[in-house]
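Novice: What follows is a single structure, and I will ask about it in a moment.
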Amino acid sequence: MIELVCPAGNFPALKEAVNNGADAVYIGFKDDTNARHFAGLNFNEKNLPKAIEYAHQRGTKVFVAINTYPQPDGWSRWQKAVDTAADLGVDALIMADIGILDYAANKHPQMNRHLSVQGSATSYESLKYYQQNFGIKRAVLPRVLSVSQVAHLATQSPVELEVFGFGSLCIMAEGRCHLSSYVTGESPNTCGACSPAKSVRWEKTPQGLESRLNNVLIDRYDDNENAGYPTICKGRFTIGKNTFHVLEEPTSLNTIEILPELDKIGIKAIKIEGRQRSPAYTQQVTQVWRQAIDHYYADPDNYKPQPQWSAALNKVSEGSQTTLGAYSRPWQ
Amino acid sequence: MIEAPVDIIYLGETVCSKRRSLGFEQWLELAKTLASNKKEVVLSTLSLIEAESELKTLRRYCDNGDFTVEANDMAAVQLLSENKIPFTTGPTINIYNAQTLAIMHKQGLQRWVMPVELSKKTLMGILSDLDDMGIKDKIETEVFSYGHMPLALSARCFTARAHNLPKDQCDLKCIDYPDGLQVKSQEDQSLFTLNGIQTLSGLRYDLYNELEEMQEIGVDIVRISPRSKQTLEVVNSYYKKIQNIEDTEPYTIKDNCNGYWHGEPGMLQNLL
């Protein structure tokens with residue numbers, strides 16, 4: 001049965017994920033060792049043991065993301081994150097950096113190692129590299145592949161595959177995008193942050209509401225438009241005389257309609273994005289996806305996404321719209 | 001470039017497998033011509049490997065037998081290391097610390113290009129760690145030093161998108177823009193350059209003023225990314241500066257940035 005992996009940015013969110021049917025929750029430490037290094041988010045050594053206990057008592061696994069790339073100054077902090085998580089008895093470490101994968105494999109060989117989406121493995125040869133060298137058990141695939149590419153990859157993959165099912169959509173191959181550091185100095189790889197909140201500024205002007213990222217104008221909204229978070233790739237920019245969403249419109253990924261396909265090609269787990277979102281988000285999305293997965297397995301041949309699922313998911317989607325993203329060929 | 005004072009030339013398609021300006025045999029032919037003119041030639045490979053057909057082409061490059069290959073995706077690192085073929089890594093391979101470099105060095109890495117977002121301070125830290133490991137002299141360090149920086153890769157073709165074309169029927173529109181499509185903010189600030197599935201910086205990285213320091217800290221090679229214009233002038237100026245030759249016709253420095261080298265946002269300009 002396909003496993004449901006849900007995000008928890010804090011203890012209340014973790015409880016929502018556990019109580020609404022997540023098979024596993026994924027979390028991170030309160031520092032730049034993970035790709036959601038946001039103020040007020042994540043776990044420390046004090047509350048992590050309690051969180052693990054809460055999840056384990058209810059049969060839910062806990063994965064810890066240590067999935068950014070340490071530079072020389074930070075190396076020992078990343079090592080410590082690996083050791084702390086391993087010593088607390090979590091169920092898997094999600095990592096991207098080759099040095100850190102190697103460290104974890106040598107120091108904690110018994111610990112399950114997952115390749116983070118930030119590791120950017122988009123082919124079975126790449127997966128083989130991580131499996132042969134660091135014994136990864138599972139890999140999370142970047143959101144750049146079409147369903148047929150995922151299916152082909154699944155037939156050749158030496159490891160279990162986890163794919164994104166729902167949440168904010170990275171338009172770029174994860175782990176290979178420096179747009180944020182080009183503008184703000186901080187990127188997912190270096191700081192666990194994309195378009196960080198501290199660089200964001202909103203301003204009401206005669207031309208409309210403006211959003212800026214380190215002073216760069218990301219978008220300008222009319223009174224009747226919904227303003228979205230100024231993620232660098234989702235801005236309205238100009239090419240020649242045209243002003244439009246040059247890279248991507250604000251939208252969320254939603255693959256609930258292709259759940260049967262994902263199961264048939266052998267996907268082991270569905271990941272829900274959004275550790276930075278509220279406990280209410282985690283509750284809502286976990287509940288809908290649990291229902292969908294259970295509904296599917298109860299009668300695989302007659303699976304049909306229910307209208308109330310989409311309605312519930314659209315409410316928590318970025319830009320209030322969803323897409324199949326790269327899974328669907330036309331999008332590419 | 002045969003006449004230009006460059007030591008190494010990287011050849012090949014690194015962005016989109018649909019562009020077939022030259023086939024494998026033609027690239028190889030060109031490589032041989034350059035090599036017979038005393039240039040070191042490295043065959044550069046695709047940066048985002050997704051399809052089986054792309055793996056097939058990649059295998060041909062990795063098995064070419066004559067020239068070193070630059071891996072730009074971990075699939076290439078796997079093919080090369082598995083077959084014990086020495087290799088180079090490009091700036092889109094995530095090497096952020098000496099531990100990673102040491103592992104890849106054992107697997108055959110001989111030269112690496114630092115990811116563009118890393119700073120001088122990080123590079124110095126990595127080189128110092130390599131020194132402690134006793135392998136600093138066994139690895140060549142190359143720094144992307146001039147040109148539009150490769151910042152991101154996507155499944156989506158932004159050049160096709162800008163023309164309202166689906167990627168499957170892109171008409172190879174990107175070929176019409178040898179220097180890419182300029183993306184500006186609504187305030188006319190230069191932001192990015194689009195090259196198919198690749199997004200590059202809007203400004204050009206330029207470490208011309210840092211060359212002396214780069215040599216001092218142990219950078220072995222500087223990379224100049226070509227454009228349709230001015231490349232030869234830049235090459236000449238870099239060459240003269242490195243060789244301490246007086247430069248009477250330096251190139252015009254315009255729209256350049258150097259933030260990353262100084263540990264700041266990449267787009268910042270004229271940092272000292």
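The values are calculated or read from the model by the stated rules, or taken from the named source; none is laboratory data. For clarity, every value in this text was computed on a predicted model and none was experimentally measured. For neighbour counting, all protein chains shown are included, and Cβ atoms are generated from backbone atoms with ideal geometry for every residue, glycine included. The area values use the complete protein model at the heavy-atom level, side chains included, leaving out ligands, DNA and RNA. Shrake-Rupley method; radii C 1.70, N 1.55, O 1.52, S 1.80 Å.
Novice: Could you please find all residues in the range A:45-64 being in contact with an Asp or Glu (Cβ under 9 Å, 6 or more places away or on another chain) and surrounded by fewer than 18 Cβ atoms within 10 Å (Cβ to Cβ)?
Specialist: Selection gives A:56, A:59.
Novice: How many residues does the range B:258-272 contain that are open to solvent by less than 20 Å² (accessible area, probe 1.4 Å) and either in contact with a helix residue (DSSP H, G or I) (Cβ under 6 Å, 6 or more places away or on another chain) or at the interface with another protein chain (Cβ under 9 Å from one of its Cβ atoms) (or both)?
Specialist: Our first condition is that a residue be open to solvent by less than 20 Å² (accessible area, probe 1.4 Å); within the range B:258-272, this holds for B:258-261, B:265-266.
This time we only want the ones that are either in contact with a helix residue (DSSP H, G or I) (Cβ under 6 Å, 6 or more places away or on another chain) or at the interface with another protein chain (Cβ under 9 Å from one of its Cβ atoms) (or both), so: B:259-261, B:265-266.
Matching residues across the range B:258-272 total 5.
Novice: When you scan the range A:134-144, do you find a residue that is within 14 Å of chain B (Cβ to nearest Cβ), in a helix (DSSP H, G or I) and touching an Asp or Glu at 6+ places or on another chain (Cβ under 7 Å), even just one?
Specialist: yes
Novice: Still on this structure, I have one more. Go through (1) open to solvent by 50 Å² or more (accessible area, probe 1.4 Å); (2) not in a helix (DSSP H, G or I) one by one and return the number of the condition residue A:280 breaks.
Specialist: Among (1) open to solvent by 50 Å² or more (accessible area, probe 1.4 Å); (2) not in a helix (DSSP H, G or I), the lone unmet condition for residue A:280 is (2).
Novice: Hey, another quick one. Take residues that are more than 10 Å from every other protein chain (Cβ to nearest Cβ) and tell me which of the helices (runs of 4 or more DSSP H) falling wholly in the range B:120-219 contain 2 or more.
Specialist: Details: elements: B:120-133, B:158-162, B:211-217.
Counting at least 2 such residues, we get B:120-133, B:211-217.
Novice: So which residues in the range B:5-45 are small (Gly, Ala, Ser) and surrounded by 14 or more Cβ atoms within 10 Å (Cβ to Cβ), if there are any at all?
Specialist: Answer for the range B:5-45, where residues must be small (Gly, Ala, Ser) and surrounded by 14 or more Cβ atoms within 10 Å (Cβ to Cβ): B:12, B:17, B:31, B:35, B:44.
Novice: Only residues that are within 14 Å of chain B (Cβ to nearest Cβ) and assigned to a strand (DSSP E or B): list them for the range A:62-91, please. It would help to see each step written out before you state the result.
Specialist: Pass one, the range A:62-91, residues within 14 Å of chain B (Cβ to nearest Cβ): A:66-79, A:82.
Hit for the range A:62-91 is A:66, nothing else.
Novice: Would you confirm whether or not the range A:218-233 contains a residue that is in contact (Cβ under 8 Å) with a residue 40 or more places away in the chain, more than 10 Å from every other protein chain (Cβ to nearest Cβ), surrounded by 21 or more Cβ atoms within 10 Å (Cβ to Cβ) and of a type in the set (Phe, Trp, Tyr)?
Specialist: There is no residue in the range A:218-233 that is in contact (Cβ under 8 Å) with a residue 40 or more places away in the chain, more than 10 Å from every other protein chain (Cβ to nearest Cβ), surrounded by 21 or more Cβ atoms within 10 Å (Cβ to Cβ) and of a type in the set (Phe, Trp, Tyr).
Novice: Right, something else. Look through B:189, B:169 and report the one residue that is under 17 Å from residue B:267 (Cβ atoms) and surrounded by fewer than 18 Cβ atoms within 10 Å (Cβ to Cβ). Working first, answer last.
Specialist: On the way: B:169 fails: under 17 Å from residue B:267 (Cβ atoms).
So the residue among B:189, B:169 that is under 17 Å from residue B:267 (Cβ atoms) and surrounded by fewer than 18 Cβ atoms within 10 Å (Cβ to Cβ) is B:189.
Novice: How many residues does the range B:46-81 contain that are more than 12 Å from chain A (Cβ to nearest Cβ), in contact with a helix residue (DSSP H, G or I) (Cβ under 7 Å, 6 or more places away or on another chain) and open to solvent by less than 20 Å² (accessible area, probe 1.4 Å)?
Specialist: Residues meeting the conditions: 1.
Novice: If the Cβ limit is 7 Å and pairs must be 6+ apart or interchain, which residue in the range B:209-238 that is under 11 Å from residue B:143 (Cα atoms) and aliphatic (A, V, I, L, M) pairs with which residue that is open to solvent by 20 Å² or more (accessible area, probe 1.4 Å) and assigned to a helix (DSSP H, G or I)?
Specialist: Filtered contacts from the range B:209-238: B:211/B:241; B:211/B:242.
Novice: Can you report the number of residues in the range B:91-125 which are open to solvent by less than 10 Å² (accessible area, probe 1.4 Å) and out of contact with any strand residue (DSSP E or B) (no Cβ under 8 Å at 6 or more places or on another chain)?
Specialist: Within the range B:91-125, residues that are open to solvent by less than 10 Å² (accessible area, probe 1.4 Å) and out of contact with any strand residue (DSSP E or B) (no Cβ under 8 Å at 6 or more places or on another chain) number 6.
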